[in-house]
1. Within the bounds of segment 66-81, is there any residue that is surrounded by 14 or more Cβ atoms within 10 Å (Cβ to Cβ), of a type outside the set (S, T, N, Q) and closer than 22 Å to GLN171 by Cβ?
2. If a residue must be under 19 Å from GLU143 (Cβ atoms) and not polar (S, T, N, Q), how many such residues does segment 6-40 contain?
3. Residues in segment 2-9: is at least one in the same structural domain as VAL80 (by TED's automatic domain parsing), assigned to a strand (DSSP E or B) and surrounded by 13 or more Cβ atoms within 10 Å (Cβ to Cβ)?
4. Sort out which residues of segment 92-104 are out of contact with any strand residue (DSSP E or B) (no Cβ under 7 Å at 6 or more places or on another chain) and not basic (Lys, Arg), and write them in order of number.
5. Restricting to segment 138-168, name every residue that is within 23 Å of PHE113 (Cα to Cα) and assigned to a loop (DSSP other than H, G, I, E, B).
6. What number of residues within segment 18-29 are under 24 Å from LYS123 (Cα atoms) and either acidic (Asp, Glu) or in a strand (DSSP E or B) (or both)?
7. Among the listed residues GLY5, GLY22, identify the single one that is touching a residue at least 40 places away in the same chain (Cβ under 8 Å) and small (Gly, Ala, Ser).
8. Every residue in segment 56-102 that is basic (Lys, Arg) and either at pLDDT below 90 or under 12 Å from the mean Cα position of the chain (by Cα) (or both), please.
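The values are calculated or read from the model by the stated rules, or taken from the named source; none is laboratory data. Just so it is clear, the structure is predicted and the values come from calculations on it, not from any experiment. Cβ: placed from backbone, ideal geometry, glycine included. Neighbour counts: every protein chain shown.
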Amino acid sequence: MSKIGKKNIMVPKDASVKSEGGVITISGPKGSKTLTINDKIFSAKLNEKNEFNINPLKKDLDKKTALMWGTYRSLINNAVIGVSQGHQKILDITGVGFRANLKGDVLNLQLGFSHDINFKIPKEVKMTVEKMTIITITGVDKELVSKVASDIKALKPVEPYKGKGIRERNQFVLRKEGKKK
């Protein structure tokens, strides 16, 4: 049995979930998202308490089905949270002369290189820059928001001696001691 798969998904009043065959459509105030599940293995339904659950069709579960049960439940829960509240990542830029600017659908980053870095923002993601050192990434799809944040962080990873670079808010970076004389 899957511990995560057994849990019901609470659907907010302003969101709706429709299941037809293997296609699950989740819509809310922030947008809509469509997911597909294997309808030969799982059944999905919404009960009268506005709770959505996904269950395997077979009584005896093999290991792969139990793993996929928890994964599908987590993906549907992330989609419900995304369309009702949205997902957000906050990046902090640390370093002398490091800054970010928005120019239309391009994020311009000055990260201590001899050239500026232009990062194209996907259409499904909204980005804001506060004080030129704080980047806020918001969107409906948790996977896409996390991927964009990871791609931006990879442009200038935090170095362990002075802590300069791009990091997520509340990300711990192990600092090293410098050379001793």
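1. Yes, segment 66-81 contains a residue that is surrounded by 14 or more Cβ atoms within 10 Å (Cβ to Cβ), of a type outside the set (S, T, N, Q) and closer than 22 Å to GLN171 by Cβ.
2. The number of residues fulfilling the criteria is 12.
3. yes
4. Within segment 92-104, the first condition is being out of contact with any strand residue (DSSP E or B) (no Cβ under 7 Å at 6 or more places or on another chain), and the residues that meet it are 96, 103-104.
Hits for segment 92-104 are VAL96, GLY104.
5. LYS156, PRO157, VAL158, GLU159, PRO160, TYR161, LYS162, GLY163, LYS164
6. Final tally of qualifying residues: 5.
7. When all the criteria are applied, what remains is GLY5.
8. LYS58, LYS59, LYS63, LYS64, ARG73, LYS89
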